[in-house]
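Chemist: The following block contains the structure, expressed as C-alpha cells.
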Protein chains: 2
Amino acid sequence: MTKYYELEQLGHHKDDILLMIHADDAGLSCSQNAATIEALKMGIVNSYSIMVPCPWFWDMANFAKNHPQYDCGIHLTLSCEWKSYKFGPVLPASEVPSLVDQYGYFHGSRETIKKLADPSEVKKELKAQIELALKAGIQPTHLDSHMYTLGLTNELLKVYKELGEEYKLPIFLNKELLQSVGNFTPIPQLGTMVHQVHIGNFNAMKNEGLSAKYKEIIQDLVPGLHILLIHPAFNNMEMKQVCLDHPNFGAEWRQMDFDFFTDPNTATLLKERNIKPISWREIQLSSL
Amino acid sequence: MTKYYELEQLGHHKDDILLMIHADDAGLSCSQNAATIEALKMGIVNSYSIMVPCPWFWDMANFAKNHPQYDCGIHLTLSCEWKSYKFGPVLPASEVPSLVDQYGYFHGSRETIKKLADPSEVKKELKAQIELALKAGIQPTHLDSHMYTLGLTNELLKVYKELGEEYKLPIFLNKELLQSVGNFTPIPQLGTMVHQVHIGNFNAMKNEGLSAKYKEIIQDLVPGLHILLIHPAFNNMEMKQVCLDHPNFGAEWRQMDFDFFTDPNTATLLKERNIKPISWREIQLSSL
C-alpha cells in the first residue's frame, strides 16, 4: 500500500487542497537565482531547492542563509543537460568516475546515468553536496532530485532514502513521478508520498503557453497534498545560452513560469479556490 | 639588460607602432563571452585569452575551436576576486590546498596568493588548466596571467617561464607590469618583453569615462610593441552580479571597453595614426 501524507496530521482538514509551488534549479545561473528570489518575495512561490554543484550556488546560498523564512531544499544533482554550459561533481572527478564524462563534467541524460552511475559513488557525491550546503550555512528543509534521476533504479532510490534518513530530511516522493522515470511495478515502498505532482508541458508551452496549462492545473486540484514544480528564470542572454538548443525546460519556459507565478491574478485564483499553501518545513515538523 | 621584441624581427619597420588590443577574462561569464566574441568579430580587438577554471569556459572553448583565426591564449588563473560568484581550481582542492579557501574556491587577493600559494601546486594546477584547454580543442597562441599573479614573486615567475618553455608558447611579459605587481629591483631576466602595456584606470572610469582615457593612450603611442588590455562584457544582470561591490574592473568598466572598442570611430583613430595590429601568433611565429 502506498503511504501518503495525511492532511489531518499536517494540521489541516482532510478536504483541504494543499499546494506547494516549488521552484527547482536555484543556483543554476544568475538569471535563475534572480527570478527565484523575486518570485519567492512576491509570495506565491513558497519553496525552492538549490543545486550545489552549479556555478551560481554561492550566490543562492548567500540568499538562503540570510532568508531562512523560505523553505530551501537541496536539489541533489547528478546531471548537466546543457550543451554550452558545463558543471561537474563537488567531489574530484577521479573519486566519482562513473558520474562524469571525459572532461570531468556530469553526464547529460538519464539514460547515461542509469547505465553508468555507481550507486556508491552517487551516495558519496550527494553527501558531499549536502555537506557543502551545510558548510555554506544553508539549513535545508528537504531533499529532492534534479531530473528525478534518483528515481531511475531501486539502487538509486535506496541512496535517496538513506540520505533522507541520515540527514533527517523529508525526501520528495510521488508515485506517478516514480512510474514515469523508473517504470516501477510495483512502486517500491520508500516513505510517505505527495498525492499529486504537477509540471508544465512542452506542447502547452509551444501552443497556448504555460499560463493556460497552469490555470487548468489549479482549477482541477482535488483535496490532498500537491506540489507544482516550476523553474522560474528570466529569458535573457545568459539563460538563452544556458538552454541553447534545449527548448524543453528552456529559457522561454522559465520566463513563463516567472510571469505566471508572480502575477497577482494567480494569487487571486488560488484564493478563489481556497487553496492553502504548504511548505516542506511544515511537513518536516509534522513528521518529527 | 631588458630584452624587448624587435620590430624588424616581427617583420615590421623599427619606427612602426604595433598595437595588440587584447580581451582578457573570456570564459568568466556568459556576458564576457558574448561581448568578447562580438568585439573580435567587429575587428579592432584582435587577441583574447580564456580562463579555464571558470563556469563559462566550455562555451568560449567552443568558439575558440571553431574560430582558430583569432589569437587565443590561456589566461592562467589563480584567483577568484568575486564576492557572490565562485570558482576554484581545475584540480581537486585536496591536491592544491595552498590555492584554495575553506570551501575549495580560489583565494580572492594577490596578497593571500603571495602569502600562501605553493609554487609546485601552482605549476601543477596551471599545467592542468593548459591540458584541459588542449583537450577541449583550443590551439593556444600565448600564455598570460590573470591579475598578473604570476608576477608576484620570483618563484611564481619561474613557473610562468617554465610553462612557456614546456608548451612552446610566448608568455606575456612587461617590465612596468612586473614592477607594479612584484616590486622587483632589478627586473628578473625571464624572456622577451612587450615595450608598453596599457590598461584603463578606475578614476578615469568614474570621472570622464574610459573612452577619453583610451583615446589619450592611442594618441600617445610611440614606436614599439604595445598591448592594450581590455575586459569587454555587457553591463547586464549577470555581469552586475558577478562584479557585485567590485566597481574596479566591474560591469560598467567592461561595458565601456566593449563600447569603445566596437566603435567605428576607434578604427578610424587607429588608422589615422597609422597604428598596425599585431597578434601573438605573429610574435610566436617570429620567435620560432
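Chemist: Whether any residue in the stretch A:41-48 is touching a residue at least 60 places away in the same chain (Cβ under 8 Å), of a type in the set (A, V, I, L, M) and outside any helix (DSSP H, G or I) is what I want to check.
Modeler: First, the residues of the stretch A:41-48 that are touching a residue at least 60 places away in the same chain (Cβ under 8 Å): A:42-47.
The next check asks that each one be of a type in the set (A, V, I, L, M); those that pass are A:42, A:44-45.
Narrowing the set further to residues that are outside any helix (DSSP H, G or I) leaves A:44-45.
Yes, the conditions are met somewhere in the stretch A:41-48.
Chemist: For the stretch B:141-162, state whether one or more residues are touching a Cys at 6+ places or on another chain (Cβ under 7 Å), within 30 Å of A:N33 (Cβ to Cβ) and not in a loop (DSSP other than H, G, I, E, B). Don't jump to the end; show me each part of the working.
Modeler: Looking only at the stretch B:141-162, we keep the residues that are touching a Cys at 6+ places or on another chain (Cβ under 7 Å), and these are B:141.
Cutting the leftovers down to within 30 Å of A:N33 (Cβ to Cβ) gives us none.
There is no residue in the stretch B:141-162 that is touching a Cys at 6+ places or on another chain (Cβ under 7 Å), within 30 Å of A:N33 (Cβ to Cβ) and not in a loop (DSSP other than H, G, I, E, B).
Chemist: From the list A:L28, A:L10, A:L19, which residue is crowded, with 24+ Cβ neighbours inside 10 Å, not β-branched (V, I, T) and not in a strand (DSSP E or B)?
Modeler: Step by step, each of A:L28, A:L10, A:L19 is checked, and only A:L28 is crowded, with 24+ Cβ neighbours inside 10 Å, not β-branched (V, I, T) and not in a strand (DSSP E or B).
Chemist: Within the stretch A:224-255, track down each residue that is of a type in the set (A, V, I, L, M, F, W, C) and either away from chain B (no Cβ under 12 Å) or more than 25 Å from A:Y85 (Cα to Cα) (or both).
Modeler: A:L225, A:I227, A:L228, A:L229, A:I230, A:F249, A:W253 - these are the residues of the stretch A:224-255 that are of a type in the set (A, V, I, L, M, F, W, C) and either away from chain B (no Cβ under 12 Å) or more than 25 Å from A:Y85 (Cα to Cα) (or both).
Chemist: Here is a follow-up. Only one residue in A:I187, A:I171, A:I199 is in contact with a Lys or Arg (Cβ under 8 Å, 6 or more places away or on another chain) and closer than 23 Å to A:A23 by Cα, so which one is that?
Modeler: Sole residue among the options that is in contact with a Lys or Arg (Cβ under 8 Å, 6 or more places away or on another chain) and closer than 23 Å to A:A23 by Cα: A:I171.
Chemist: Let me ask another. Quick one: in the stretch B:115-136, of everything that is part of a loop (DSSP other than H, G, I, E, B) and open to solvent by less than 30 Å² (accessible area, probe 1.4 Å), which residue is nearest to the other protein chains (Cβ to nearest Cβ)?
Modeler: Across the stretch B:115-136, the extreme among qualifying residues is B:A136.
Chemist: Within the stretch A:261-287, which residues are touching an Asp or Glu at 6+ places or on another chain (Cβ under 6 Å) and surrounded by fewer than 23 Cβ atoms within 10 Å (Cβ to Cβ)?
Modeler: A:K276, A:S279, A:R281
Chemist: Please determine, by comparing only the residues of the stretch B:163-179 that are assigned to a helix (DSSP H, G or I), in contact with a helix residue (DSSP H, G or I) (Cβ under 9 Å, 6 or more places away or on another chain) and closer than 17 Å to B:S49 by Cβ, which one is least open to solvent (accessible area, probe 1.4 Å).
Modeler: B:L163
Chemist: List every residue pair whose Cβ atoms sit under 6 Å apart, with the two residues 6 or more apart in sequence or on different chains, where the first one lies in the stretch A:106-135 and is in contact (Cβ under 8 Å) with a residue 60 or more places away in the chain and under 13 Å from A:Y160 (Cβ atoms) and the second, anywhere, is open to solvent by less than 30 Å² (accessible area, probe 1.4 Å) and of a type in the set (A, V, I, L, M, F, W, C).
Modeler: A:Q129/A:V52; A:I130/A:I74
Chemist: Mind checking which pairs have a first residue in the stretch A:60-84 that is under 27 Å from A:G108 (Cβ atoms) and within 14 Å of chain B (Cβ to nearest Cβ) and a second that is hydroxyl-bearing (S, T, Y) and surrounded by 24 or more Cβ atoms within 10 Å (Cβ to Cβ), Cβ under 8 Å, 6 or more apart or different chains?
Modeler: As it stands, the answer is A:M60/A:T36, since those pairs meet every condition given.
Chemist: Also, I was wondering about something else. Output yes when any residue across the stretch A:33-47 is aliphatic (A, V, I, L, M), within 14 Å of chain B (Cβ to nearest Cβ) and within 30 Å of A:L116 (Cβ to Cβ), and no when none is.
Modeler: Within the stretch A:33-47, not a single residue is aliphatic (A, V, I, L, M), within 14 Å of chain B (Cβ to nearest Cβ) and within 30 Å of A:L116 (Cβ to Cβ).
Chemist: Then there is this: Can you tell which of B:G191, B:G224, B:G182 is small (G, A, S) and touching a helix residue (DSSP H, G or I) at 6+ places or on another chain (Cβ under 6 Å)? Walk me through it before giving the result.
Modeler: Working: B:G191 fails: touching a helix residue (DSSP H, G or I) at 6+ places or on another chain (Cβ under 6 Å); B:G224 fails: touching a helix residue (DSSP H, G or I) at 6+ places or on another chain (Cβ under 6 Å).
Only one candidate qualifies: B:G182.
Chemist: Okay, moving on. Search the stretch A:63-79 for residues being surrounded by fewer than 24 Cβ atoms within 10 Å (Cβ to Cβ) and farther than 13 Å from A:T36 by Cβ, and hand back the single one that is farthest from the chain's Cα centre (by Cα).
Modeler: Applying the filter and picking the extreme gives A:N66.
Chemist: Select, from A:Q139, A:Q102, the only residue that is surrounded by fewer than 17 Cβ atoms within 10 Å (Cβ to Cβ) and within 17 Å of the chain's Cα centre (by Cα).
Modeler: Of A:Q139, A:Q102, the one residue that is surrounded by fewer than 17 Cβ atoms within 10 Å (Cβ to Cβ) and within 17 Å of the chain's Cα centre (by Cα) is A:Q139.
Chemist: Taking the condition of being on the phi > 0 side of the Ramachandran plot and in contact with a helix residue (DSSP H, G or I) (Cβ under 9 Å, 6 or more places away or on another chain), how many residues in the stretch A:232-288 meet it?
Modeler: Initially, the stretch A:232-288 is screened for residues on the phi > 0 side of the Ramachandran plot, giving A:245, A:249, A:274.
From what is left, the residues that are in contact with a helix residue (DSSP H, G or I) (Cβ under 9 Å, 6 or more places away or on another chain) are A:249.
Of the residues in the stretch A:232-288, 1 are on the phi > 0 side of the Ramachandran plot and in contact with a helix residue (DSSP H, G or I) (Cβ under 9 Å, 6 or more places away or on another chain).
Chemist: Given the conditions (1) closer than 23 Å to B:S94 by Cα; (2) more than 11 Å from chain B (Cβ to nearest Cβ); (3) touching a helix residue (DSSP H, G or I) at 6+ places or on another chain (Cβ under 6 Å), which single one is not true for A:P97?
Modeler: Only one criterion in (1) closer than 23 Å to B:S94 by Cα; (2) more than 11 Å from chain B (Cβ to nearest Cβ); (3) touching a helix residue (DSSP H, G or I) at 6+ places or on another chain (Cβ under 6 Å) is unmet by A:P97, namely (3).
Chemist: From A:W82, A:W56, which residue is out of contact with any strand residue (DSSP E or B) (no Cβ under 9 Å at 6 or more places or on another chain) and within 18 Å of A:Q32 (Cβ to Cβ)?
Modeler: Residue meeting the stated conditions: A:W82.
Chemist: Report, ordered by the first and then the second residue, all pairs with beta carbons closer than 7 Å, sequence separation of six or more or different chains, a first member in the stretch A:186-206 that is without any contact (Cβ under 8 Å) to a residue 24 or more places away in the chain and under 13 Å from A:G250 (Cα atoms), and a second member that is of a type outside the set (S, T, N, Q) and open to solvent by less than 20 Å² (accessible area, probe 1.4 Å).
Modeler: From the stretch A:186-206, no pairs qualify.
Chemist: Hey, another quick one. Given (1) over 21 Å from the mean Cα position of the chain (by Cα); (2) hydrophobic (A, V, I, L, M, F, W, C); (3) open to solvent by less than 60 Å² (accessible area, probe 1.4 Å), identify the lone condition not met by A:V222.
Modeler: A:V222 satisfies all of (1) over 21 Å from the mean Cα position of the chain (by Cα); (2) hydrophobic (A, V, I, L, M, F, W, C); (3) open to solvent by less than 60 Å² (accessible area, probe 1.4 Å) except (3).
Chemist: Follow-up question, since we're still on this one. Among the numbered conditions (1) assigned to a helix (DSSP H, G or I); (2) within 14 Å of chain B (Cβ to nearest Cβ); (3) open to solvent by 30 Å² or more (accessible area, probe 1.4 Å); (4) of a type outside the set (D, E, K, R), tell me where A:F258 comes up short.
Modeler: That leaves (3) as the condition not met.
The values are calculated or read from the model by the stated rules, or taken from the named source; none is laboratory data. Here the structure is a predicted model, which is why all the values come from computation and not from measurement. Backbone-built Cβ (ideal geometry, glycine too); neighbour counts: all protein chains shown. SASA here: full protein model, heavy atoms, side chains in, ligands and nucleic acids out. Shrake-Rupley method; radii C 1.70, N 1.55, O 1.52, S 1.80 Å.
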